[in-house]
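Notes for the one structure printed next.
The values are calculated or read from the model by the stated rules, or taken from the named source; none is laboratory data. Bear in mind that the values here come from a model prediction, so they are computed numbers and not experimental data. Using ideal geometry, Cβ is built from the backbone for each residue, glycine included, and neighbour counts are taken over all protein chains shown. The area values use the complete protein model at the heavy-atom level, side chains included, leaving out ligands, DNA and RNA. Shrake-Rupley method; radii C 1.70, N 1.55, O 1.52, S 1.80 Å.
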Amino acid sequence: MMMNPKISLIYDTRTLISPIGNCWSPHLEKSIPWFGKDIYKVTLGLDDHEEGVSEFYQTLNEFQKWYSTQVSMRVPNSIVYRSLRGNPYVGFKIRDKGQGPIPTFNTNGERTESPISGDRIQVRYSLAGWNDGEKAGIKVYLDSVCILDRVGTPEVEKHIVENDCDDGAWNEW
């Protein structure tokens with residue numbers, strides 16, 4: 001896939017804070033490949049009825065409308081997606097440019113370990129509009145994550161180690 005070298009971006013100067021939601025698929029410690037680029041990402045699962053969600057949608061819509069006037073073209077708002085059950089979610093990403101892990105904080109503003117899927121989080125992010133002369137869109141850029149409630153369930157690593165069993169039963173599997 002050939003990248004268009006003429007893509008232009010306009011960044012919003014504000015750093016914004018998302019509503020509270022559920023953390024899914026965090027990749028904040030180590031970047032992962034994403035369509036030919038290495039990125040850090042976290043998905044924020046939302047509930048339309050929770051506090052701050054409608055204001056979040058309004059912020060996105062206002063930026064989309066403003067950016068449409070800047071580029072004089074239709075700009076779709078493809079930030080919020082819906083699961084098969086209709087639940088809203090947003091994928092916050094940032095390209096890995098050697099900056100290292102994405103900062104993660106607790107509610108006291110102290111650095112902490114990254115969230116796991118299911119934790120309640122808020123995301124600091126910024127907005128940008130892009131266009132290539134033919135198409136345009138808006139993006140959310142991941143800045144940092146605040147963990148409000150550690151309620152996620154860690155993934156279980158599947159392995160067998162001799163010291164895991166006292167009676168040597170691992171040999172019988």
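Here the range 118-155 is the region considered, the condition is being touching a Leu at 6+ places or on another chain (Cβ under 8 Å) and open to solvent by 70 Å² or more (accessible area, probe 1.4 Å), and the residue that is farthest from S78 (Cα to Cα) is R124. The residues on offer are P101, P115, and the sole one that is open to solvent by less than 20 Å² (accessible area, probe 1.4 Å), closer than 21 Å to W34 by Cα, touching a residue at least 60 places away in the same chain (Cβ under 8 Å) and in a loop (DSSP other than H, G, I, E, B) is P115.
Within the range 1-25, being under 18 Å from D119 (Cβ atoms) and in a strand (DSSP E or B) holds for I17, G21, N22, C23, W24, S25.
I'd like the residue in the range 26-77 that is out of contact with any strand residue (DSSP E or B) (no Cβ under 6 Å at 6 or more places or on another chain) and assigned to a strand (DSSP E or B) and, out of all such residues, is least open to solvent (accessible area, probe 1.4 Å). In this case the residue turns out to be I32. Apart from one condition, N171 fits all of (1) in a loop (DSSP other than H, G, I, E, B); (2) modelled with pLDDT under 95; the exception is (1).
Applying the set (1) farther than 17 Å from I17 by Cα; (2) in a helix (DSSP H, G or I) to Y81 leaves exactly one unmet item: (2). Consider the range 78-91. How many of its residues are surrounded by 12 or more Cβ atoms within 10 Å (Cβ to Cβ) and farther than 18 Å from G118 by Cα? Going through the range 78-91 one residue at a time, the tally reaches 2.
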